[in-house]
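Input: a single structure, listed below in structure tokens.
None of the figures in this text is laboratory data; all of them are computed from the coordinates on show. Computed from a predicted structure; not experimentally measured. Heads up, the Cβs are rebuilt from the backbone with ideal geometry, glycines too, and the neighbour counts pull from every protein chain shown.
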């Protein structure tokens, strides 16, 4: 009896660990296939920013321009609606934009698939209205995936490509920019997609340090060669 109960507990805990991994690790591919790395052999890294546009996005754009680097910006629709000129600036300066949901609510992973689809479409329509282009890149809020999100994404009817990351900066946790920089550079490999945010007060400072370091070490900043928008 003891062995039976112990085995059942082990199976249950293993299942919980698997479900957590499947939902909270975007690279798991269990519910939603996401590209988390770009297949290149040369020293090329790809930068992505979540949660903008914000009051600090202009500073980030200035740093990118100074270093002649491009990035992918996964925008929150609500923020884009409030800052349309920033969205236009991102596109005008040659960066890629993607859909990061309209409201980015903490309850997003728990909404019905219909609600998720409506939220994602709302974001896409907002970005389309501002830029005249329809994004087809998507990154789920918090990087969480589950059957509801997978179903909701499909129900949008938009051929989205989900983009994840393999290097997480944890910049939203704050702290010393040098420590965050070391955390990033310790993980980088050819083809890495780095997750950053352009809503932090120190975002531009961190980015400047990162780009300076990467160039010193012989890394190139690239943009993944998948379609990011369609013209309307």
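The table below gives the values:
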{"item": "Dimensionless Rg ratio for the chain, taking C-alpha atoms and the 2.2 N^0.38 Å reference", "result": "1.07"}
{"item": "Helix 2-24 axis, angle to the chain major axis (alpha carbon atoms, nearest 10°)", "result": "20 degrees"}
{"item": "Between 0 and 90°, nearest 10: helix 57-66 axis offset from the chain longest Cα axis", "result": "60 degrees"}
{"item": "On Cα atoms only, tilt of 113-131 relative to the major axis of the chain in degrees", "result": "10 degrees"}
{"item": "Debye intensity ratio in log₁₀ form over the Cα atoms of the range 184-227, taken at each q of 0.22, 0.31 Å⁻¹", "result": "-0.87, -1.27"}
{"item": "Computed over the chain: relative contact order in percent, which uses C-alpha pairs under 8 Å that are six or more apart", "result": "31 percent"}
{"item": "Distance (nanometres) between label positions extended 7 Å along Cα→Cβ at residue 78 and residue 187", "result": "2.6 nm"}
{"item": "Per-residue [θ]222 nm for the chain (sum of -39500 (n - 2.57) over DSSP H runs n ≥ 4, rounded to 500)", "result": "-13500 deg cm²/dmol"}
{"item": "Extension reserve of the residue 92-residue 179 stretch, reckoned as 0.36 nm per residue once the Cα distance is removed", "result": "28.1 nm"}
{"item": "Separation of the residue 115 and residue 215 label points, Cα + 7 Å toward Cβ, nm", "result": "4.6 nm"}
{"item": "Tensor-based shape of the range 28-120 (alpha-carbon gyration tensor, a/c under 1.5 rounded, otherwise prolate or oblate)", "result": "oblate"}
